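Student: Just passing along the structure, written as structure tokens.
The values are calculated or read from the model by the stated rules, or taken from the named source; none is laboratory data. If you're wondering where the values come from, they're calculated on a predicted model, not measured in any experiment. Reconstructed Cβ throughout: ideal geometry from the backbone, glycine too, with neighbour counts over all protein chains shown.
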Amino acid sequence: MSILYRSAFELAKDIKNGQLTSREVLEFYLKRVEQFNPEINAVVQLDSARARMRADEADAAATRGEDWGPLHGVPLTIKDAYLTEGIISANGMPEYKDNLPSRNADGVQRYIDAGAIVLGKTNTPFASGDWQSFNEIYGTTNNPWDLTRTCGGSSGGAGAALASGMTPLELGGDIGGSIRIPSHFNGVFGHKPSHGIVSQRSLVDYPDQLAEQDLWVVGPMGVTAGDIRDALRILVGPSVDKAIAWKIELPPARTTDVTKLRVATYFDDPVYEVDSEVKSLLEGTAKTLKTHGAQVDWNVTPDIDFYENLSLYLKLMFSHAGENVPEQQRAGLREMLKPLPGGDEIAAVMGNSLANWTELNERRLQLQAKWTEFFVHYDVMLAPVMPLPAFAHAQDIPAPARMWTVNGKERHSFFDIMFWSGLSLVTYLPASVAPAGRTKDNLPVGVQIVGPYLEDETPLAVAAMLEQYHQRFEAPPGYE
């Protein structure tokens, strides 16, 4: 029975009913790592011995008729940003190269409690702070579609491991596109949840932090739309201290019938342009939905100034850059913001007061209310993840200073990326990514499916529609 690029949840069913064993599935993925990881460098830690022991326990449990959960006996990898018990967890930071946690991050534990087996960790940039995945400890992770190009970041190792068939499921995180961009670059599925529905605890570099961070979310990545939906259902829930009284019950998708779907599109912007070839592929997703009966309205957005949206996003992002951030780094951030209209104003909020953050938060909620009104008339909005497909490795220039060319124009990549990442992120909206197609250079392009706040099941349902009617995950050449 086939294992490669199968749904993680279907693998679990086969393990529980005896059609596969957990041990043979684990050995399959370990062999894939041995075969392909040397050229990709996505998996940076393996826990083979303990994984084999756990797989044998899963098989014995299945023989006894025991059910560990929806991921019973399924081996998978975890982004190295998250604490993982008994496996070195470094998040690309040299000071943590020997860090051996004694507990799991909440998201990791939820996968394990659902029956999963952690076989290893996947690469990140330093402190998960780049749209490429490279660091001093583990080096560079390559994109399996083109080894000369980046796999993205910060969940880049996760995306590359999925695309190359070294894992069936992953756990990503997103504060600046870090789930959506690697999904787009590697041609896989990903979901950025509504803020606050998945516990953030605990990052490698913030192991004891109890407070939830603004903007940042934890979410699933996989090779099928159903997997990211089912994985989200596992991940959703309050932190342990709130679970005594709180529960989270997401509403069902507004529709799973494409003929009843209402779609808005926003595939380009006069200031933050999208490459014409990428735009054409994105338009193809909307055309497919329309062909199958969906209502599609072109270039329709809520009554929001998206340039203000970008400014607000950056202000909220940089308001965290207080005294714990070295002055040299803060000075670099201020310099980086100069080309942006209002850049000095944005830089001024670094380390600013709670009163200032409260003012920004109120403006965010006002924008969120406009999205709520918009989603009375539409179920989702389709948008770009990035203006371009995966770019060539560019490690000699700091991320804020990198330039790229879009439609023949040289641009600051930082602002282009943040504009489309912040589109949904600043207002806490859920956003799924599904494959949209490939460029003439055979590079994947993903579409961002933005849904109403706390209605994550709706963009996930649209991802499933696109998987059915438009394009499923397809393996890079040589990895089939």
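Student: Here's a check for you: in the range 181-199, which residue that is of a type in the set (S, T, N, Q) and closer than 22 Å to TYR428 by Cα is nearest to the chain's Cα centre (by Cα)?
Tutor: Here the residue is SER183.
Student: Kindly check whether there is at least one residue in the range 14-31 that is assigned to a helix (DSSP H, G or I), touching a Cys at 6+ places or on another chain (Cβ under 9 Å), at pLDDT 95 or above and not charged (D, E, K, R). Give the derivation first.
Tutor: Initially, the range 14-31 is screened for residues assigned to a helix (DSSP H, G or I), giving 14-16, 22-31.
Then drop every residue that is not touching a Cys at 6+ places or on another chain (Cβ under 9 Å), which leaves none.
Taking every residue of the range 14-31 in turn, none turns out to be assigned to a helix (DSSP H, G or I), touching a Cys at 6+ places or on another chain (Cβ under 9 Å), at pLDDT 95 or above and not charged (D, E, K, R).
Student: Something else now. Please work out if THR259 is within 20 Å of PRO435 (Cα to Cα) and either surrounded by fewer than 21 Cβ atoms within 10 Å (Cβ to Cβ) or in contact with a strand residue (DSSP E or B) (Cβ under 9 Å, 6 or more places away or on another chain) (or both). Write out each step before concluding.
Tutor: Values: within 20 Å of PRO435 (Cα to Cα): no; either surrounded by fewer than 21 Cβ atoms within 10 Å (Cβ to Cβ) or in contact with a strand residue (DSSP E or B) (Cβ under 9 Å, 6 or more places away or on another chain) (or both): yes.
No: the conditions fail for THR259.
Student: Has the range 65-76 got any residue that is within 28 Å of SER199 (Cβ to Cβ), surrounded by fewer than 16 Cβ atoms within 10 Å (Cβ to Cβ) and of a type outside the set (Gly, Ala, Ser)?
Tutor: Taking the range 65-76 as the starting set, the residues that turn out to be within 28 Å of SER199 (Cβ to Cβ) are 66-76.
Then drop every residue that is not surrounded by fewer than 16 Cβ atoms within 10 Å (Cβ to Cβ), which leaves 66-67.
So of that shortlist, the ones also of a type outside the set (Gly, Ala, Ser) come out as 66-67.
Yes: one or more hits.
Student: Conditions: (1) modelled with pLDDT of 95 or more; (2) surrounded by fewer than 20 Cβ atoms within 10 Å (Cβ to Cβ). TYR272 meets all but one. Number of the miss?
Tutor: For TYR272, the failing item is (2).
Student: With respect to THR285, is the statement that it is exposed (fewer than 15 other Cβ atoms within 10 Å of the Cβ), at pLDDT 95 or above and under 17 Å from ALA464 (Cα atoms) true?
Tutor: Values: exposed (fewer than 15 other Cβ atoms within 10 Å of the Cβ): no; at pLDDT 95 or above: yes; under 17 Å from ALA464 (Cα atoms): yes.
Answer is no for this residue.
Student: Across the range 44-78, what is the total count of residues that are free of Cβ contacts under 8 Å to residues at least 40 places away in the same chain and touching a His at 6+ places or on another chain (Cβ under 9 Å)?
Tutor: Qualifying residue count, the range 44-78: 2.
Student: If I filter the range 464-478 down to residues being touching a residue at least 60 places away in the same chain (Cβ under 8 Å) and assigned to a helix (DSSP H, G or I), which single residue comes out as surrounded by the fewest Cβ atoms within 10 Å (Cβ to Cβ)?
Tutor: Ranking the qualifying residues of the range 464-478, first place goes to TYR469.
Student: Also, quick follow-up: Just checking, how many residues over the range 79-115 are without any contact (Cβ under 8 Å) to a residue 60 or more places away in the chain, among the hydrophobic types (A, V, I, L, M, F, W, C) and within 23 Å of ASN41 (Cβ to Cβ)?
Tutor: Looking only at that region, the number is 3.
Student: Need a quick list: strands (runs of 3 or more DSSP E) entirely within the range 372-416 having at least 1 residues that are among the β-branched types (Val, Ile, Thr). Can you show your working first?
Tutor: Details: elements: 380-384, 403-406, 409-412.
Fully inside the range 372-416 and qualifying: 380-384, 403-406.
Student: Test ALA434 against the criterion of being under 16 Å from LEU282 (Cα atoms), part of a strand (DSSP E or B) and hydrophobic (A, V, I, L, M, F, W, C), and give yes or no. Steps first, answer last, please.
Tutor: Values: under 16 Å from LEU282 (Cα atoms): yes; part of a strand (DSSP E or B): yes; hydrophobic (A, V, I, L, M, F, W, C): yes.
So ALA434 fits the description; yes.
Student: Test ARG229 against the stated conditions and say whether it is of a type in the set (Lys, Arg), crowded, with 16+ Cβ neighbours inside 10 Å, modelled with pLDDT of 95 or more and not in a helix (DSSP H, G or I).
Tutor: Details: of a type in the set (Lys, Arg): yes; crowded, with 16+ Cβ neighbours inside 10 Å: yes; modelled with pLDDT of 95 or more: yes; not in a helix (DSSP H, G or I): no.
In short, no.
Student: Looking at the range 139-161 only, could you name the residues that are more than 12 Å from the chain's Cα centre (by Cα) and under 19 Å from VAL108 (Cβ atoms)?
Tutor: The answer is ALA161, and nothing else.
Student: Which ones in the range 200-219 are part of a loop (DSSP other than H, G, I, E, B) and more than 15 Å from the chain's Cα centre (by Cα)? If you could, list the steps in order and put the result at the bottom.
Tutor: Keep residues of the range 200-219 that are part of a loop (DSSP other than H, G, I, E, B), which gives 200-202, 204-205, 207-216.
ARG201, SER202, VAL204, ASP205, PRO207, ASP208, GLN209, LEU210, ALA211, GLU212, GLN213, ASP214 - these are the residues of the range 200-219 that are part of a loop (DSSP other than H, G, I, E, B) and more than 15 Å from the chain's Cα centre (by Cα).
Student: Another question about this same structure. What's the total number of residues in the range 113-133 that are surrounded by fewer than 20 Cβ atoms within 10 Å (Cβ to Cβ) and among the aliphatic types (A, V, I, L, M)? Steps first, please.
Tutor: Our first condition is that a residue be surrounded by fewer than 20 Cβ atoms within 10 Å (Cβ to Cβ); within the range 113-133, this holds for 113, 126-127, 129.
Subsequent filtering for residues that are among the aliphatic types (A, V, I, L, M) retains 127.
Total satisfying the criteria: 1.
Student: Answer yes or no: is there a residue in the range 234-248 that is under 22 Å from the mean Cα position of the chain (by Cα) and of a type in the set (D, E, K, R).
Tutor: Here is the first cut: in the range 234-248, the ones under 22 Å from the mean Cα position of the chain (by Cα) are 234-239, 248.
Add one more test, that the residue is of a type in the set (D, E, K, R), and what stays is none.
No, there is no match, as no residue in the range 234-248 is under 22 Å from the mean Cα position of the chain (by Cα) and of a type in the set (D, E, K, R).
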